[in-house]
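Below is one structure; the comments refer to it alone.
No lab work stands behind these numbers, since they all come straight from the coordinates. The structure presented is a predicted model; accordingly, all values stated were derived computationally and were not measured. Cβ sites come from the backbone with ideal geometry, for glycine too, and all protein chains shown count toward neighbours.
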Amino acid sequence: MTNAELRALRIQMNPHFIFNSLNSIQYYVLNSDSKTAYKYLTKFSSLMRRTLQNSKENFLPIKDELESLELYLELENMRLENTLDIKIHTDPEIDKERTLVPTLFMQPFVENAIIHGLLPKNGDRKIQILIEQMDQGIRCVIEDNGIGRDASRELNKKRNRSHQSTALIAIENRIKILNASANTKIKMEIIDLQVENIPTGTRVILEVA
């Protein structure tokens with residue numbers, strides 16, 4: 001029952017991402033930009049295939065997780081006309097082939113950063129992902145320079161939306177189940193970044209030991 005519940009949680013993907021991707025492909029086709037449409041469709045189908053394949057596993061080598069995440073970021077950056085400044089750094093001490101993380105571990109947080117933090121923002125849009133070695137396990141830090149969680153909530157209220165990310169709920173449930181059933185310890189912390197009480201973004205810290 002635990003494995004069945006974990007699999008159901010793993011295969012959840014934000015329908016907005018799929019809808020936006022298909023809209024982008026349609027846009028390129030209608031504007032006779034067949035080369036870009038083909039490039040986008042190739043990346044999109046590759047990500048879908050990876051997601052379905054990876055959903056069979058509770059944990060994946062961080063190399064595979066990063067490759068899927070990079071594909072997702074490439075698609076989002078294409079859709080947003082390359083307005084994202086993306087930086088990913090992995091500690092060279094980490095063995096990417098043998099170090100395991102939960103499947104689709106970072107992607108929901110990156111997606112939230114883009115949609116709710118960076119998309120409504122004017123000016124530069126930055127997202128940084130740092131993966132570093134700890135004494136026991138690894139730490140993943142996802143940081144954006146978006147509008148912050150409070151401003152995002154207010155924006156959703158004005159749009160008459162009662163938004164709560166199903167992806168975040170799913171990953172919180174996965175963490176509880178994995179901590180209870182697997183030989184691992186996962187921690188999550190979300191920090192609202194501020195300078196002189198002015199929101200400057202959000203930082204998510206994930207630790208797997």
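Listed here are the pairs LYS39/LYS126; LYS39/LYS176; LYS63/LYS157; LYS87/LYS176; LYS157/LYS185; LYS126/LYS187; which of them are more than 31 Å apart at the Cα?
Violating the 31 Å limit, Cα to Cα: LYS39/LYS176; LYS63/LYS157; LYS157/LYS185.
Taking only the alpha carbons of the chain, what extent do you get along each of the three principal axes, in Å, biggest first?
Cα spread of the chain along its principal axes, largest to smallest: 51, 44, 36 Å.
List the relative contact order of segment 41-192 as a percent without decimals, with contacts defined as Cα pairs under 8 Å and 6+ residues apart.
So the answer I get is 20 percent.
Kindly provide the trypsin sites (Lys or Arg not before Pro) of segment 30-88 that DSSP labels as loop, not H, G, I, E or B, and whose Cβ sees at most 16 other Cβ atoms within 10 Å.
On the way: sites: LYS35, LYS39, LYS43, ARG49, ARG50, LYS56, LYS63, ARG79, LYS87; in loops: LYS56.
Those satisfying the criteria are LYS56.
Scan the chain and report its longest stretch carrying no GluC sites (Glu not before Pro) that are both in a DSSP loop and have at most 13 other Cβ atoms within 10 Å.
98-195
Which far-off residues, 5 or more places away or on another chain, put their amide H under 5 Å from the one on PHE59, with H placed in the peptide plane?
Amide H neighbours of PHE59: THR103.
Taking K and R as +1 and D and E as -1, what net charge do the other residues with C-beta under 13 Å from the C-beta of GLY148 add up to?
Around GLY148, the surrounding residues sum to -1.
If you filter segment 108-209 for trypsin sites (Lys or Arg not before Pro), then keep DSSP loop positions with at most 13 other Cβ within 10 Å, what is left? Display every interim value, and only then the final one.
Details: sites: LYS121, ARG125, LYS126, ARG139, ARG149, ARG153, LYS157, LYS158, ARG159, ARG161, ARG174, LYS176, LYS185, LYS187, ARG203; in loops: LYS121, ARG159, ARG161, LYS185.
When the trypsin sites (Lys or Arg not before Pro) of segment 108-209 are filtered for loop state and at most 13 Cβ neighbours within 10 Å, ARG159, ARG161, LYS185 remain.
Please label the shape of segment 15-112 as rounded, prolate or oblate, based on the square roots a ≥ b ≥ c of the eigenvalues of the alpha-carbon gyration tensor (a/c under 1.5 means rounded; beyond that, a/b larger than b/c means prolate, else oblate).
Verdict is prolate for segment 15-112.
Can you give the calculated 222 nm mean residue ellipticity of the chain, where each DSSP H run of n ≥ 4 adds -39,500 (n - 2.57) and the sum is split over every residue, rounded to the nearest 500 deg cm²/dmol?
Numbers: 7 runs with 96 residues, N = 209.
Dividing the helical sum by the residues of the chain leaves -14500 deg cm²/dmol.
Run the dipole for segment 95-209 about the Cα centre, Lys and Arg Cβ at +1, Asp and Glu Cβ at -1, nothing else charged, and hand back the magnitude in debye, nearest 20.
On the way: 17 positive and 15 negative charges, 103 e Å.
Computed about the Cα centre, the dipole is about 500 debye.
Enter the Cα centre distance for the pair segment 78-122 and segment 174-196, rounded to the nearest angstrom.
Using only Cα atoms to place each centre, the spacing works out to 16 Å.
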